[in-house]
1. Ignoring ligands, DNA and RNA, please state the percent of accessible area on the chain from carbon and sulfur, probe 1.4 Å.
2. Pick from Pro109, Pro14, Pro51 the residue whose mean-square fluctuation is largest in a GNM of the chain, springs joining Cα atoms under 10 Å.
3. Near the amide H of Ala82, under 5 Å away, which other amide H atoms are found, from residues 5 or more places off or on another chain, if H is placed in the peptide plane?
4. Of Ala86, His39, Gly28, whose Cα points farthest to the positive end of the dipole of the chain (charges on the beta-carbon: +1 Lys, Arg; -1 Asp, Glu; origin at the Cα centre)?
5. So if we plug the beta-carbon distance of Asp159 and Asn131 into 1/(1 + (r/R0)^6) with R0 = 25 Å, what FRET efficiency do we get, rounded to 0.05?
6. As a check on your grasp of the helix formula, calculate [θ] at 222 nm for the chain: sum -39500 (n - 2.57) over DSSP H runs of n ≥ 4, divide by the residue count, round to the nearest 500.
7. Keeping all protein chains in the complex and leaving out DNA, RNA and ligands, what accessible area do you get for His22 with a 1.4 Å probe, in Å² to the nearest 10?
8. Once you've got the Cα coordinates, tell me which of Lys56/Lys103; Lys30/Lys56; Lys62/Lys163; Lys32/Lys73; Lys56/Lys98; Lys103/Lys157 are over 28 Å apart.
Amino acid sequence: LMEEIMIYIYNAGPMFTEADIHQRRIEGRKMKELLENNHQEYFLANPIDLPLDNTKPLTSEKIFLTDYEHVSKANVFFFELASGDAGTYVELGNAVEKLMSGKEIRMYPVFNDIRLQRNGMSGVDCPIGFNSYLVGCLRANKIDIYMSFDEALEAFKNDFDLK
C-alpha cells in the first residue's frame, strides 16, 4: 500500500461522444466523493474536468503534453480499454513503462463490454477483437483486469483501505 504518498489518480478513457463524456464525469464524481469521504489527500487528473485554455487553438501537442504531465505524476491509473481508444492505449503504455521501471503504481484497467458475457463466454480472452498484445501486457505484468468501473473502484478502495 502507498499509505504515506498522496494519491495522484489519472483517469484515462475516450471523451468524444456524449456517452463517453457522461461516463468520465460519473467516474470523476465517484472517485472524488470516495476520497473526500475518507479525508484522503489526492489529486484527480480526470481530463474531461481539467481546464485547458480554450482561448487559443488546442493543438495535438498541447493535449499530449498536458496529459503526459499528469501521467508522469500519477501513481494510480484507471483505464477504459474496451473502446479501443488509441490515446488511452498510449497512456496505458506510458504507465506500464513506469511500472516496469520499478515505480510503485496501481493500475485498474477496465474492459466494460457486454459482448464479454454473451453466449456464455467471459473474460478478455473471449474472441471479440481485443488485441493480444494489449491483454498480454496486462497479464505479463500481473495487472488485474476489471469488467466495470465500479468493480475497479471497489478494488481501489480495498487496496487503499478506504471505506
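1. On the way: 4970 of 9550 Å².
Here carbon and sulfur together make up 52 percent of the probe-accessible area.
2. Among Pro109, Pro14, Pro51, the largest mean-square fluctuation in the Gaussian network model of the chain belongs to Pro51.
3. Amide H to amide H, under 5 Å and 5 or more residues apart or across chains, Ala82 pairs with Asn112.
4. Of the options given, the answer is Ala86.
5. FRET efficiency, Asp159 to Asn131: 0.40.
6. Values: 5 runs with 69 residues, N = 163.
Value at 222 nm, helices only, nearest 500: -13500 deg cm²/dmol.
7. 110 Å²
8. The answer is Lys56/Lys103; Lys30/Lys56; Lys62/Lys163; Lys56/Lys98.
The values are calculated or read from the model by the stated rules, or taken from the named source; none is laboratory data. Values in this document were obtained by computation on a predicted structure and should not be read as measured data. Quick reminder, even Gly has a Cβ in these numbers, built from the backbone with ideal geometry, and neighbours come from all protein chains shown. Surface accessibility is based on the protein's heavy atoms, side chains included, excluding ligands, DNA and RNA. Shrake-Rupley method; radii C 1.70, N 1.55, O 1.52, S 1.80 Å.
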